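Worksheet for the structure shown next.
No lab work stands behind these numbers, since they all come straight from the coordinates. If you're wondering where the values come from, they're calculated on a predicted model, not measured in any experiment. Using ideal geometry, Cβ is built from the backbone for each residue, glycine included, and neighbour counts are taken over all protein chains shown.
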Amino acid sequence: MGINDTLSKSYYENGQLESEGNYKDGKEDGLFKLYHENGKLDKETYFKDGKEDGLWEGYYENGQLNWKYNYKDGKEGPMN
């Protein structure tokens, strides 16, 4: 990892993990996860060089899939 490469995590006031993701050269890069306050996954997103890239999924608080989007170079594309 370079000097500007970090794994970032944030937490709710109750101590539950709120989000986690990687930064490379100060830009979002790779998998990011956001969580509901109950600990269940809220969103799973991917970035490459700070741009949306890959499958993005959003979930309800009960864990059920809510939506899906596919991105390439920051632009929404078709779902395969």
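Structural remarks
- In segment 60-72, the residues that are over 12 Å from D42 (Cβ atoms) reach residues that are not β-branched (V, I, T) with C-beta atoms within less than 6 angstrom, at least six apart or across chains, in these pairs: K68/E57; Y69/W56; Y69/E76; N70/L55; N70/G77; N70/M79; Y71/E52; Y71/D53.
- Pairs linking a residue in segment 40-59 that is on the phi > 0 side of the Ramachandran plot to a residue that is assigned to a strand (DSSP E or B), with Cβ atoms under 6 Å and 6 or more positions apart or on different chains, are D49/K27; G50/K27; G50/E28; G54/Y46.
- Identity of the residue in segment 1-15, outside any strand (DSSP E or B) and charged (D, E, K, R), that ends up nearest to the chain's Cα centre (by Cα): D5
- Segment 33-51, residues that are within 19 Å of G77 (Cα to Cα) and under 9 Å from the mean Cα position of the chain (by Cα): K43, E44, T45, Y46, F47
- Of all residues in segment 40-80, those satisfying the criterion of being of a type in the set (S, T, N, Q) and surrounded by fewer than 16 Cβ atoms within 10 Å (Cβ to Cβ) are N62, Q64, N66, N80.
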